[in-house]
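Here the structure is laid out as structure tokens; the discussion comes afterwards.
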Amino acid sequence: MNTETISQLPKAELHLHIEGSLEPELLWQLASKHQVSLPYQSVEEIRAAYQFEDLQSFLDIYYQGASVLRDEEDFYQLMWRYLCRCREQNIVHAEIMFDPQTHTERGVGFEVFMPGFLRAIKDAESQWGMSAMLIMSFLRHLSEEEAMDTLEFAKPYYAHITAVGLDSSEVGNPPSKFERVFARARELGFKCVAHAGEEGPPEYIWQAIKLLGVDRIDHGVRCEEDTELMAYIKMRQLPLTVCPLSNLKLRVISAMQQHNILRLLEEGLLVTVNSDDPAYFGGQLNANYQALCDALDMTEVQLRQLAINSFKASFLDDSIKQKWI
Ligand code: ES4
Ligand code: ZN
């Protein structure tokens with residue numbers, strides 16, 4: 001498939017951790033600005049360190065990277081740079097995850113990162129008309145009580161948050177651990193998403209659906225191991241936000257040729273393509289589409305369906321979705 005075809009397609013991105021869009025150049029610049037000492041001697045060394053065996057080995061480096069984000073301007077820069085990448089790639093709508101606890105745990109509060117994020121989003125909306133929504137994700141390796149506190153701290157910003165999510169170390173931290181906080185979030189009117197079935201078993205996907213009441217599953221690729229679950233996800237048209245390069249880098253699959261996204265698509269599931277943590281996984285959104293084209297025999301019809309699905313699976317109002325479908 002032509003790179004040009006991919007880049008010209010209007011797309012939405014639904015699974016992107018803003019902290020995972022922190023490129024080595026900005027990381028290096030902010031470390032020097034705040035005099036944070038890094039275990040690396042150059043930008044090249046940082047990039048070279050991005051080799052992972054699994055989800056946890058990635059998360060250790062990702063949380064360390066995020067520690068250079070200190071003031072409002074840092075968060076503005078981080079968001080602004082991602083939104084500029086969206087513009088270049090024809091991503092006209094983005095639903096962006098942020099991890100408040102990665103920052104509040106080291107004394108950086110909502111009053112620091114939220115104004116930075118919101119100002120960048122406002123600038124992109126006014127300068128080129130893209131839209132962006134925020135998804136506040138709870139760290140599942142921490143307690144439910146801490147997630148509940150985070151939901152409370154976010155109160156002044158509820159109007160600017162569309163959904164809550166669940167990320168970080170999956171195995172050993174099942175969705176069932178967060179049943180009460182998701183119930184509270186739903187009462188407050190938030191949409192809900194959760195990472196499930198990335199490294200964790202199909203049972204975790206069932207729990208995210210049945211116990212957390214999610215509107216979308218992040219990753220979800222292991223649903224294929226449970227026929228009943230596949231049929232249920234298809235019947236409900238529950239979207240899966242799939243991240244091909246992430247799956248490869250974190251060894252959820254051992255080669256892109258093994259990716260099941262096109263099988264799931266042909267089975268009638270509402271699958272979408274996303275970049276997850278583009279600074280760490282070696283490619284932005286268009287590179288994820290390209291990797292699928294190169295490794296799997298993807299047709300142009302399938303490519304267009306994946307882009308259409310990104311709007312269908314979004315939290316945009318139906319009237320706006322129609323414009324892109
Ligand atoms: C993540 Cl790929 C992935 N999985 C779980 N949690 C995450 N946080 C950032 N990226
Ligand atoms: Zn993710």
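Just so you know, all these numbers are worked out from the coordinates, no wet-lab data involved. Remember, predicted model here, so these are calculated numbers, not experimental data. No Cβ is skipped: glycine too gets one built from the backbone with ideal geometry, and neighbour counts run over all protein chains shown.
Note on Met97, Met235, Met133, Met114: ascending count of other Cβ atoms within 10 Å places them as Met235, Met133, Met114, Met97, the fewest first.
Here the extension length gained between Glu146 and Glu25 equals 40.3 nm, from 0.36 nm per residue of separation less the Cα-Cα distance. Spatial offset of the range 168-184 relative to the range 259-325 amounts to 27 Å, using the alpha carbon center of each. Placing R0 at 45 angstrom, the Cβ-Cβ distance between Glu45 and Lys234 gives a FRET efficiency of 0.50 after rounding to 0.05.
To the nearest Å, what is the center-to-center distance of the range 236-256 and the range 24-49, using C-alpha atoms only? The two parts, judged by their Cα centres, are 28 Å apart.
Residues of the range 174-197 with an amide N closer than 20 Å to a point placed 7 Å from the Cα of Gln322 along the Cα-to-Cβ direction: none.
Charges only on Cβ, +1 for Lys and Arg, -1 for Asp and Glu: so what's the dipole of the chain about the Cα centre, in debye to the nearest 20? Write down the numbers at each step before the final one.
Details: 29 positive and 48 negative charges, 160 e Å.
It comes to approximately 780 debye.
Going by how many other beta carbons lie within 10 Å of each one, how would you line up Cys86, Cys293, Cys243, fewest first? Show your work: numbers first, answer last.
On the way: Cys86 24, Cys293 19, Cys243 27.
Least to most surrounded, the residues fall as Cys293, Cys86, Cys243.
Semi-axes of the chain's equivalent ellipsoid from the Cα gyration tensor, sqrt of 5 times each eigenvalue, largest first, rounded to whole Å? Don't skip to the answer; put the middle values down first.
Values: eigenvalues 147, 108, 85 Å².
Semi-axes (√(5λ), whole Å): 27, 23, 21.
If the segment from Arg184 to Glu53 were pulled out straight at 0.36 nm per residue, it would be longer than the present Cα-Cα gap by 43.6 nm. Centroid-to-centroid, using Cα positions, the range 127-141 and the range 96-121 are 11 Å apart.
Compute the FRET efficiency between Asp297 and Arg87 as 1/(1 + (r/R0)^6), taking r as their Cβ-Cβ distance and R0 = 30 Å, and round to the nearest 0.05. Present the calculation step by step, with values, prior to reporting the outcome.
On the way: r = 31 Å, r/R0 = 1.02.
Calculated transfer efficiency: 0.45.
What pairs from Lys33/Lys155; Lys191/Lys323; Lys155/Lys191 go past 19 Å between their alpha carbons? Lys33/Lys155; Lys191/Lys323, as the Cα separations exceed 19 Å there.
Scanning the chain for trypsin sites (Lys or Arg not before Pro) in DSSP loops with at most 12 other Cβ atoms within 10 Å, what's the longest stretch left with none? Show your work: numbers first, answer last.
Numbers: sites that count: Arg106, Lys323.
The answer is 107-322.
Local charge for Gln284 was computed over the other residues whose Cβ lies under 10 Å away, with Lys and Arg +1 and Asp and Glu -1, and equals -1.
Between Glu105 and Ser254, the FRET efficiency estimated from the beta carbon spacing at R0 = 56 angstrom works out to 0.95.
If each DSSP helix of 4+ residues adds -39,500 (n - 2.57) and the sum is divided by the residues in the chain, what number results at 222 nm, nearest 500 deg cm²/dmol? Show your work: numbers first, answer last.
Working: 17 runs with 158 residues, N = 325.
Computed mean residue ellipticity for the chain: -14000 deg cm²/dmol.
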